[in-house]
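Below: the structure, in structure tokens.
Where a number appears in this text, it was derived from the coordinates with a stated rule and is not lab data. As the structure is a computational prediction, the values presented were derived from the model and not from experiment. Every residue, glycine among them, receives a Cβ derived from its backbone with ideal geometry; neighbour counts consider all protein chains shown.
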Amino acid sequence: MPKPSLAKKLQGSLIGFAIGDAMGATTEFCDKMQIQQLYGVVDDVLGGGWLQLKPGEVTDDTQMMLCVCRALRKEQSAVFQFKRLCANNFVRWYESKPKDVGGACARGISYYKEHGEYIPVTKSALGNGALMRAVPCALMGLENFNVQQGMITHNNEMQSKAIEAFSKLLNACLYDTYRVKRRPALMEPSGHVQNTFNNAIHWGSQRDFETAVKGAVNDGGDADTIAAITGAIAGARFGIDAIPKRWLEKLDYDVFVELKKFARFVENYLQV
């Protein structure tokens with residue numbers, strides 16, 4: 001395969017995230033044996049799962065990431081203003097009654113909605129709900145913005161460090177400085193931020209996009225988020241042309257269009 005352009009990598013990372021989310025939702029909360037019994041191997045965008053999604057429909061992972069995208073389109077200079085825009089977008093999304101909202105995200109959004117300020121520091125928010133929103137800021141190189149959007153719902157040092165590490169990794173993938181040396185051993189595919197990040201690195205370092213996302217999807221557990229972050233990493237490495245066409249064709253059209261538009265926005269921001 002020819003080396004993908006930076007523009008293709010930006011599209012691949014954003015849309016790869018949504019593809020991983022849509023595919024992983026099918027196997028979320030299943031273990032490997034249950035997946036084998038139900039599907040054999042999940043190698044397409046099927047829908048269903050515990051949320052009973054339509055094929056190509058995305059979960060709260062992509063929906064909240066889009067909230068961050070919309071805030072970035074309005075503000076890329078003042079981090080406090082960006083954070084406020086993000087929080088307001090989260091509230092509007094939460095009030096739309098989405099099919100699923102993570103517990104820590106719901107608490108953080110509800111706190112902001114009630115008090116008009118952000119949730120205090122808490123060591124208990126150890127899930128992956130902040131990391132799953134980290135792709136847009138990471139692609140733009142706005143690391144401080146990324147940490148701040150995470151703190152709206154997951155205000156602790158572990159989350160901030162994970163987001164910082166992910167931001168650096170994604171930029172290394174974009175600019176071809178990422179080298180696969182030794183993949184980290186798989187951990188339990190839980191929603192814990194460390195487990196999610198570890199496993200996404202493991203799967204995202206595979207030889208191609210399809211192998212990466214299929215691996216994360218068929219590993220089960222918190223498969224939508226792990227596969228989404230895997231898709232972002234693999235998409236940044238291999239570009240959008242590496243994503244199977246049969247998967248792209250099934251992704252929710254409105255999501256696909258918005259992510260393509262945001263990718264062009266990032267291109268202009270980076271002056272690609």
Answer yes or no as to whether Leu38 is in a helix (DSSP H, G or I), hydrophobic (A, V, I, L, M, F, W, C) and under 18 Å from Val257 (Cα atoms).
-> no
Per-region count, region 14-35, residues more than 24 Å from Phe238 (Cβ to Cβ) and part of a helix (DSSP H, G or I) = 4
Per the filter on region 70-108, residues over 29 Å from Thr26 (Cβ atoms) and in a loop (DSSP other than H, G, I, E, B) are Glu75, Gln76, Ser77, Ala78
The residue that is farthest from Val266 (Cα to Cα), considering only those in region 109-143 that are among the small types (Gly, Ala, Ser) and not in a loop (DSSP other than H, G, I, E, B), is Ser110
If you scan region 150-207, which residues turn out to be under 25 Å from Tyr94 (Cβ atoms) and in a loop (DSSP other than H, G, I, E, B)?
-> Ile152, Thr153, His154, Asn155, Asn156, Ser190, Gly191
Residue check, Asn146 under 18 Å from Ala22 (Cα atoms), of a type outside the set (Gly, Ala, Ser), within 16 Å of the chain's Cα centre (by Cα) and buried (at least 21 other Cβ atoms within 10 Å of the Cβ) = no
Over region 169-185, the set of residues over 14 Å from Ser13 (Cα atoms) and surrounded by 15 or more Cβ atoms within 10 Å (Cβ to Cβ) is Tyr178
Lone unmet requirement of (1) of a type in the set (Ser, Thr, Tyr); (2) within 21 Å of Leu46 (Cβ to Cβ); (3) touching a residue at least 24 places away in the same chain (Cβ under 8 Å) for Ser167 | (2)
